[in-house]
Amino acid sequence: MMEGRPPLQWSPQLNDPTGCRTAKPRTSGKTMVIDKGLGLHALEDLLETAGAYIDMLKIGFGTSPLYSTSLLEKKIELAKAKHITVYPGGTFLEVAIRQGAVNNFFDMVREVGFNGLEVSDGTIEVSRKLRSELIVRGLDAGLTVITEYGKKCWGSTIELGELIETVNVDTSLGAELVTIEGRESGKGVGIFDDSGACKDAEIEKVLREVPSAGVLLWEAPHKEQQVHLLHLLGTDIHLGNILPGDVISLEALRRGLRSDTLMLGKERKPESVDSLTWEI
Ligand SMILES: C=C(OP(=O)(O)O)C(=O)O
Ligand SMILES: O=S([O-])[O-]
């Protein structure tokens, strides 16, 4: 949108037929973007274009130390200026745990200015005690803490009892959201089968049994998965591992501005279409 010009005049009902989209800070319908190596200009461009629709930015896995420190700091600053929670991938913390460098990790998080933290055990085993300590340490450092449930190995499944316990304990400690592992591949883990199709029975089990399913952040990198989850769970679910180039099209899906979701939500009343004024 050009600076200083009003937004397109258009029926809000058409822009948001479900009436669920709110401005930031949102409590529902958050979008988490996975950044696998955006340059500064690419990120600037993304934030200018789609920043209003991005709630969290994950600097994926252990990519943070591969940037020059000043460039990483600038990326984080840009995201924070758009009121985005920006955090290093949980795998990076897992690397630090494995290397006995958790203190160094937290120093780095503070020095470069991250305002969020992901605590996961996707690759290594992390005891409940250590997981809890990491969550509390993150909160004490003033960070928004997001945890993750699920293993990254091919064929990993969701153990309901374990998930419920994880959600209960993590959130009672103060974690804001619990991510459901989907990797950036979206295949062969958790709720996705080997071809990336959603395992509905698993998802429905989670919804039935997890008392506070609103805290779940579903990693769903592919459009078909996003559409499927929006249909199944509603357009205001939290979605993660969205690719930078897909943010606007996901927002269009959430708002029913795309064929796949146009019929979702309130029945379209013919009058609302009749009431449009076409300037010719
Ligand atoms: C990017 C990461 O994870 P995921 O595979 O869950 O996206 C990560 O753990 O750093
Ligand atoms: O950490 S990962 O997803 O390679």
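So, in segment 34-73, exactly how many residues are open to solvent by 50 Å² or more (accessible area, probe 1.4 Å), away from ligand 2 (no atom under 16 Å from the Cβ), in contact with a Leu (Cβ under 9 Å, 6 or more places away or on another chain) and under 21 Å from Met108 (Cβ atoms)?
Counting residues in segment 34-73 that are open to solvent by 50 Å² or more (accessible area, probe 1.4 Å), away from ligand 2 (no atom under 16 Å from the Cβ), in contact with a Leu (Cβ under 9 Å, 6 or more places away or on another chain) and under 21 Å from Met108 (Cβ atoms) gives 1.
Between Glu209, Glu176, Glu202, which is of a type outside the set (A, V, I, L, M), away from ligand 2 (no atom under 16 Å from the Cβ), open to solvent by 60 Å² or more (accessible area, probe 1.4 Å) and more than 24 Å from Val33 (Cβ to Cβ)?
Glu209
Where residues in segment 114-138 are within 16 Å of ligand 2 (Cβ to nearest atom) and open to solvent by less than 10 Å² (accessible area, probe 1.4 Å), which of them is farthest from Thr171 (Cα to Cα)?
Gly122
Looking only at segment 230-254, count how many residues are crowded, with 22+ Cβ neighbours inside 10 Å and over 24 Å from Val86 (Cβ atoms).
The qualifying residues number 2.
Failed condition for Arg137, given (1) within 17 Å of the chain's Cα centre (by Cα); (2) more than 22 Å from Ile34 (Cα to Cα), with all others met?
Arg137 satisfies every listed condition except (1).
Taking the stated definitions as given, is Gly90 modelled with pLDDT of 95 or more, within 25 Å of His222 (Cα to Cα) and touching a His at 6+ places or on another chain (Cβ under 8 Å)?
In short, no.
What residue, of Leu72, Leu78, is within 20 Å of Asn241 (Cα to Cα), within 16 Å of ligand 1 (Cβ to nearest atom) and in a helix (DSSP H, G or I)?
Only one candidate passes the filter, namely Leu72.
Mind checking which residues of segment 74-113 are among the hydrophobic types (A, V, I, L, M, F, W, C), open to solvent by less than 10 Å² (accessible area, probe 1.4 Å) and away from ligand 2 (no atom under 16 Å from the Cβ)?
Ile76, Ala79, Ile84, Val86, Val109
The values are calculated or read from the model by the stated rules, or taken from the named source; none is laboratory data. Model, not experiment: these values are computed from the prediction. Virtual Cβ from ideal backbone geometry, glycine too; neighbours counted across all protein chains shown. Heads up: the accessible areas ignore ligands, DNA and RNA and are worked out on the full protein's heavy atoms, side chains in. Shrake-Rupley method; radii C 1.70, N 1.55, O 1.52, S 1.80 Å.
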